[in-house]
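Colleague: Structure in structure tokens, see below.
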Amino acid sequence: MNWDGTKLLITGASSGIGAATAIAAAQRGAQLALVARSADKLEDVARRIRESGGRVTTHAFDVSVPEQVSRLAAEVPVPDVLFNNAGAGRWKHLVDTEPAEAAEMIGAPYLAAFYTTRAYLPAMLARRSGVCLFMNSAASRLVWPGAAAYTATRWAVRGLFEAVRAETAGSGVRAAMCTFAKVSSEYWQNNPGSESNVPTAQAFVPVLSPDQVAAAILDGLAAEQEEIIAPWQLRLTFLASRLFPSITRRQMGRAT
Ligand SMILES: NC(=O)c1ccc[n+]([C@@H]2O[C@H](COP(=O)([O-])OP(=O)(O)OC[C@H]3O[C@@H](n4cnc5c(N)ncnc54)[C@H](OP(=O)(O)O)[C@@H]3O)[C@@H](O)[C@H]2O)c1
């Protein structure tokens, strides 16, 4: 994939991984459409991109609301790459999670990715090109106590990725998913209390910066990888969980 002139739409681009990916993609020549709820934060990211000569537009929408996604699709033409990245959610035990919080976490990332993909996929299929990229977390394959609703939504996103991959096979459209362990983004400030439920097993996996994650995403997409997983220690943990499920479950069960 040649990034120069590639149209990339990123949801959740006002901070963290989305913002870092937008800035890195603009440096490689991509044309950006940035989406999130906070117009001011989106503008800050866009200003940094424009200052370095990049091309970018901003679109303040809540992508967990179907009507707002329809307005987004009317505003931004079908991109070459759709990066479904918007997401939030506090890491809590099920009994401590309010119903409204659980519903909000289903809203973004899961329904947000569903609605946005549904809005753009028909045009990608008609054109026979495009990439639908889904952001995911180690919680989509590993389970530990204290992140119940978060875990369930990330499993849902993984299911969505698998479904889109199956439904686009041979169509010219590609589905991809990126999965990371802990990233030192604003996530931990935006979702207070979550950090205390990070499992002790994370200590064996290096924490990545948003810039490192952005580079992994752009390199992975350029190499046409369907699953982008970083760091390599996380890949090893996934393998261990398949080969030794009960041992891995016990290790993951040790909360800090
Ligand atoms: N940080 C990590 O350790 C880590 C690791 C693996 C995976 N992830 C996943 O990566 C994704 C991005 O996380 P991050 O670390 O970059 O966190 P972040 O800095 O908190 O960024 C989250 C982004 O999503 C946007 N967003 C949330 N709900 C939205 C909605 N309903 N509509 C539109 N935009 C919405 C936020 O912007 P507004 O608030 O302005 O809308 C923000 O731009 C999350 O799904 C997270 O679970 C994070």
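Colleague: Taking segment 194-219 as the region of interest, how many residues are farther than 20 Å from Leu142 by Cβ and not hydroxyl-bearing (Ser, Thr, Tyr)?
Modeller: Going residue by residue through segment 194-219, those that are farther than 20 Å from Leu142 by Cβ are 209-212, 214-215, 217-219.
Okay, now just the ones that are also not hydroxyl-bearing (Ser, Thr, Tyr), so 210-212, 214-215, 217-219.
Final tally of qualifying residues: 8.
Colleague: Restricting to strands (runs of 3 or more DSSP E) lying wholly in segment 23-85: which have 1 or more residues that are basic (Lys, Arg)?
Modeller: Output list reads 55-60.
Colleague: Follow-up question, since we're still on this one. Can you find even one residue in segment 99-112 that is over 30 Å from Pro145 (Cβ atoms), in a helix (DSSP H, G or I) and touching a residue at least 60 places away in the same chain (Cβ under 8 Å)?
Modeller: Scanning segment 99-112 turns up no residue that is over 30 Å from Pro145 (Cβ atoms), in a helix (DSSP H, G or I) and touching a residue at least 60 places away in the same chain (Cβ under 8 Å).
Colleague: Would you call Arg90 near the ligand (Cβ under 10 Å from one of its atoms), open to solvent by 50 Å² or more (accessible area, probe 1.4 Å) and within 24 Å of Lys182 (Cα to Cα)?
Modeller: So Arg90 fails the test.
Colleague: Can you find even one residue in segment 160-177 that is under 13 Å from the mean Cα position of the chain (by Cα) and over 27 Å from Arg71 (Cα atoms)?
Modeller: Checked segment 160-177: no residue is under 13 Å from the mean Cα position of the chain (by Cα) and over 27 Å from Arg71 (Cα atoms).
Colleague: Report, by residue number, each residue of segment 25-52 that is open to solvent by 20 Å² or more (accessible area, probe 1.4 Å) and within 13 Å of the ligand (Cβ to nearest atom).
Modeller: The answer is Arg37, Ser38, Ala39, Asp40, Lys41, Glu43, Asp44.
Colleague: For residues that are under 21 Å from Met124 (Cα atoms), surrounded by fewer than 24 Cβ atoms within 10 Å (Cβ to Cβ) and of a type in the set (Val, Ile, Thr), tally how many sit in segment 5-24.
Modeller: 1
Colleague: Please note which helices (runs of 4 or more DSSP H) are completely contained in segment 133-244 and include at least 1 residues that are near the ligand (Cβ under 10 Å from one of its atoms), open to solvent by 50 Å² or more (accessible area, probe 1.4 Å) and free of Cβ contacts under 8 Å to residues at least 24 places away in the same chain.
Modeller: Working: elements: 148-168, 187-190, 210-222, 232-243.
Passing ranges, in order: 187-190.
Colleague: Here's something else I'd like to know. So which residues in segment 86-98 are touching a residue at least 24 places away in the same chain (Cβ under 8 Å) and out of contact with any strand residue (DSSP E or B) (no Cβ under 9 Å at 6 or more places or on another chain), if there are any at all?
Modeller: The answer is Ala88, Gly89, Arg90, Trp91, Lys92, His93, Leu94, Thr97.
Colleague: Given the structure, is Val131 more than 18 Å from Leu94 (Cα to Cα), more than 16 Å from the chain's Cα centre (by Cα) and β-branched (Val, Ile, Thr)?
Modeller: no
The values are calculated or read from the model by the stated rules, or taken from the named source; none is laboratory data. This one's a predicted model, so the numbers in the text were calculated from it and none came from an experiment. Note: ideal-geometry Cβ built from the backbone for every residue, glycine included; neighbour counts use all protein chains shown. Calculation scope for accessible area: heavy atoms of the full protein, side chains included, ligands and nucleic acids excluded. Shrake-Rupley method; radii C 1.70, N 1.55, O 1.52, S 1.80 Å.
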